[in-house]
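Below is one structure, written out as structure tokens; the observations come after it.
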Amino acid sequence: MSERAIRIRVGVLIWRDGEVLLVRHEKGARSYWLVPGGGVDAGETMAAAGAREVLEETGYDVEIGRLLLVCEAIDPKPGGRHIVNAVYAAMVRGGTLSVGQDDKSLRDARWQPLEALAELEMYPPIGTELLACCQEDGSGAVRVLGNTWRP
């Protein structure tokens with residue numbers, strides 16, 4: 001069995017008034033959307049990482065709520081990436097929407113209609129499950145999706 005690092009990524013799902021906050025990334029020839037978030041630093045809680053990443057990517061100060069969804073993305077290639085994604089609900093406490101400049105792949109941050117979750121190219125491909133979380137108003141059971149890897 002080959003050794004590979006496991007990365008923990010926290011995503012933050014923020015929705016209000018029929019809209020959801022998403023960020024767009026470009027890597028190579030690919031353009032895709034995801035909920036704001038990023039990697040957890042050593043010694044940092046997942047909630048703190050989520051709040052930090054939302055601020056860095058969108059300019060919003062948020063209050064992190066409950067865990068909504070957990071999934072993994074395991075690249076089957078030897079030495080491929082293994083990412084554990086934990087998505088939390090959150091509410092905006094302050095700030096002004098602006099696209100962060102620190103991430104070279106980040107291109108946009110905007111409020112999209114909730115229905116866009118089921119229609120946009122997303123990584124990991126969990127838009128339908130995120131939409132269900134919003135429709136339940138975040139009160140449903142934590143969703144555990146397993147491996148969502150897609151090349």
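Things to note:
- Three semi-axes describe the equivalent ellipsoid of the chain; taken as square roots of 5 times the Cα gyration tensor eigenvalues and ordered largest first, they are 23, 17, 16 Å.
- Beta bridges assigned by DSSP with both partners in the chain are antiparallel in approximately 70 percent of cases.
- For the chain, a Gaussian network of Cα nodes joined below 10 Å ranks P124, P76, P113 by mean-square fluctuation, and the top entry is P76.
- Carbon plus sulfur fraction of accessible area for the range 1-131, probe 1.4 Å, in percent: 52
- Residue-normalised accessible area of the chain, given per residue in Å² at a 1.4 Å probe: 53
- D75 sits among other residues whose Cβ lies under 12 Å from its own Cβ, and their net charge, with Lys and Arg +1 and Asp and Glu -1, is +4.
- Ordering 102-112, 64-74 by mean Cβ neighbour count within 10 Å, with the highest value first, yields 64-74, 102-112.
- Simple point charges give the picture: +1 on the Cβ of Lys and Arg, -1 on the Cβ of Asp and Glu, and for the chain a dipole about the Cα centre of about 460 debye.
- For the range 1-65, applying the loop criterion from DSSP together with a ceiling of 15 other beta carbons within 10 Å to the chymotrypsin sites (Phe, Trp or Tyr not before Pro) yields no site.
The values are calculated or read from the model by the stated rules, or taken from the named source; none is laboratory data. Since we're looking at a predicted model, the values are computed, not measured. All Cβ positions, even for glycine, are placed from backbone atoms using ideal geometry, and neighbour counts span all protein chains on display. Only protein heavy atoms, including side chains, enter the accessible area calculation; ligands, DNA and RNA are left aside. Shrake-Rupley method; radii C 1.70, N 1.55, O 1.52, S 1.80 Å.
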